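Down below is the structure, laid out as structure tokens.
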Amino acid sequence: MRVLVVGGGAREHALGWKLLQDDPALELISAPGNPGLAELGRCAAIAATDIAAIAALARREDVAFTIVGPEGPLDAGIVDHFRSNGLAVFGPSKAAARIETSKRFAKELMISASVPTASARTFTNVAAANAEAERLGAPVVIKASGLAAGKGVIVATTIGEARDAIASMLEGNAFGEAGHEVLVEEFMSGEEISVFALTDGTHVLPMIAAQDHKRVGDGDTGPNTGGMGAYAPVSIATAGLAAQTVDRVFLPTLSALRASGSTFTGLLYAGLMLTRDGQKVVEFNCRFGDPETEALLPLMASNLIEPMRAIANGDSIAGAPPIDWRAGAAVTTVVAAAGYPGSVDSGDVITLPPAERDVIVFHAGTKRNASGELVTAGGRVLAITALGDSLAAAQKLSASHASRVEFAGRQYRGDIGWRDLARLSAGA
Ligand code: AMP
Ligand code: GLY
């Protein structure tokens with residue numbers, strides 16, 4: 001069987017890796033791919049958003065189905081284009097992807113479906129938005145409504161900061177079109193987890209929870225990034241919580257999407273805040289999370305190809321067996337370039353440590369230079385996943401492998417999983 005993966009980050013590398021674990025005879029093609037994916041199959045030099053060229057590739061190569069990794073092509077309508085050309089594709093339509101691409105749409109949908117979330121109001125007018133921020137009081141959250149590469153959210157600790165954020169989005173064009181409508185949202189306090197579910201639009205196959213580490217520095221300090229690491233399982237995400245997430249979050253959200261005429265198929269990602277009043281949705285994403293995917297897929301014992309193929313073909317997953325997980329834990333440590341999440345240099349030569357048992361090195365921002373050397377090509381360069389019998393063992397192995405990756409100015413967090421490790425060592 002031939003499968004096409006769209007994208008070229010560590011998430012797509014992990015997806016390709018998992019498909020080949022499930023079926024070593026599978027023929028993997030990726031577009032545009034990366035040097036890690038190039039070790040698993042063929043890469044086509046086509047941008048993930050060049051929808052017509054990707055569809056032509058899928059047809060020419062007669063792939064069984066296509067998996068779309070990033071949100072960009074989903075927002076650009078890749079799934080609609082594939083379906084109208086009779087091509088099987090895993091991912092939501094452009095209209096269903098609004099669950100991620102329009103925070104306003106997502107919020108209104110959650111309210112209509114009684115899905116627990118922070119209350120919020122939408123504004124295009126500065127004075128009205130400021131008045132709402134003052135009414136709620138600090139801390140208060142200001143969000144650009146549209147897609148802003150994970151950067152359009154300001155958790156304002158003072159009203160002054162809230163005013164600045166509102167002005168920068170509505171007047172200063174800080175996030176372009178995405179920030180011309182803002183949400184002023186109630187602040188929630190608690191711990192965050194990410195829960196993914198495969199869905200045919202009606203039924204779900206939930207995965208175990210993972211925890212992302214968005215801040216650049218140890219102990220969750222410094223600016224937000226695309227994610228510096230992740231681990232799974234998460235001890236506070238109990239089986240009871242998982243069942244509640246299906247009943248109170250996934251099923252009502254999918255049902256509201258169906259009712260609105262935008263059936264969601266693919267992977268629905270719920271970012272949850274575990275507050276004192278129970279779990280509340282922080283955000284939805286319309287695709288696999290990065291770096292959570294790199295931690296989750298190596299722990300997944302069951303086959304991923306079958307449910308993905310069924311969903312891509314528009315079939316039901318009603319009778320599909322629940323996903324099985326290996327014992328132990330997985331920790332993913334992201335190795336990033338100097339300066340990340342700000343601007344970074346590229347082209348620095350990377351030296352990888354020798355391969356190690358229970359360690360998988362996923363490529364994110366890497367490429368081959370003219371002499372074939374592996375060099376940096378982005379902020380997040382590698383995602384290093386280690387498996388272990390315990391979270392502590394997995395963290396130690398992941399951090400130790402990351403410490404032996406060499407390139408100019410490389411940075412990583414050696415504390416991925418610290419919240420759970422602290423809980424476990426406190427005997428909680
Ligand atoms: P989002 O892009 O919506 O996931 O927001 C990015 C980050 O901002 C989240 O991961 C949270 O850490 C934080 N955040 C977003 N909304 C809220 C909220 N209502 N209360 C507290 N923190 C929030
Ligand atoms: N890990 C956060 C995201 O994928 O958006």
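The values are calculated or read from the model by the stated rules, or taken from the named source; none is laboratory data. These figures come from a predicted structure and were not determined experimentally. We place every Cβ from the backbone using ideal geometry, glycine too, and count neighbours over all the protein chains shown. SASA here: full protein model, heavy atoms, side chains in, ligands and nucleic acids out. Shrake-Rupley method; radii C 1.70, N 1.55, O 1.52, S 1.80 Å.
Tally the residues that are over 19 Å from residue 115 (Cα atoms) and in contact with a Pro (Cβ under 8 Å, 6 or more places away or on another chain), restricting the search to the range 266-298. So that I can check it myself, show each step before the final result.
So in the range 266-298, the residues over 19 Å from residue 115 (Cα atoms) come out as 266, 287-298.
From what's left, in contact with a Pro (Cβ under 8 Å, 6 or more places away or on another chain): 266, 287.
Within the range 266-298, residues that are over 19 Å from residue 115 (Cα atoms) and in contact with a Pro (Cβ under 8 Å, 6 or more places away or on another chain) number 2.
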query: Of the residues that make up the range 139-151, is at least one part of a helix (DSSP H, G or I) and surrounded by fewer than 17 Cβ atoms within 10 Å (Cβ to Cβ)?
result: no
In the set 205, 183, the lone residue that is touching a residue at least 40 places away in the same chain (Cβ under 8 Å), within 12 Å of ligand 1 (Cβ to nearest atom) and part of a strand (DSSP E or B) is 183
Within the range 398-420, residues farther than 25 Å from residue 33 by Cα and either open to solvent by less than 40 Å² (accessible area, probe 1.4 Å) or of a type in the set (Phe, Trp, Tyr) (or both) come out as 399, 413, 414, 415, 416, 417, 418, 420
Within the range 186-202, residues more than 15 Å from ligand 1 (Cβ to nearest atom) and within 17 Å of the chain's Cα centre (by Cα) come out as 197, 198, 199
- Task: Tell me, please, whether a residue that is away from ligand 2 (no atom under 16 Å from the Cβ) and among the hydrophobic types (A, V, I, L, M, F, W, C) can be found in the range 202-218.
- Result: yes
Residue 265 passes all but one of the listed conditions (1) open to solvent by less than 50 Å² (accessible area, probe 1.4 Å); (2) within 15 Å of ligand 1 (Cβ to nearest atom); the exception is number (2)
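Residue-by-condition table, conditions (1) away from ligand 1 (no atom under 16 Å from the Cβ); (2) crowded, with 23+ Cβ neighbours inside 10 Å; (3) assigned to a loop (DSSP other than H, G, I, E, B):
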position	(1), (2), (3)
280	no, no, no
287	no, yes, yes
302	yes, no, yes
311	yes, yes, no
314	yes, no, yes
321	yes, no, yes
331	yes, yes, no
335	yes, yes, no
343	yes, no, yes
Within the range 221-244, residues being open to solvent by 30 Å² or more (accessible area, probe 1.4 Å), within 14 Å of ligand 2 (Cβ to nearest atom) and outside any strand (DSSP E or B) number 1
Restricted to the range 375-428 and to residues being part of a helix (DSSP H, G or I) and among the hydroxyl-bearing types (Ser, Thr, Tyr), the residue farthest from residue 362 (Cα to Cα) is 425
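Quick one: which helices (runs of 4 or more DSSP H) lie wholly within the range 34-77 and hold at least 3 residues that are open to solvent by 50 Å² or more (accessible area, probe 1.4 Å)? Can you show your working first?
Working: elements: 35-38, 51-60, 71-75.
Passing ranges, in order: 51-60.
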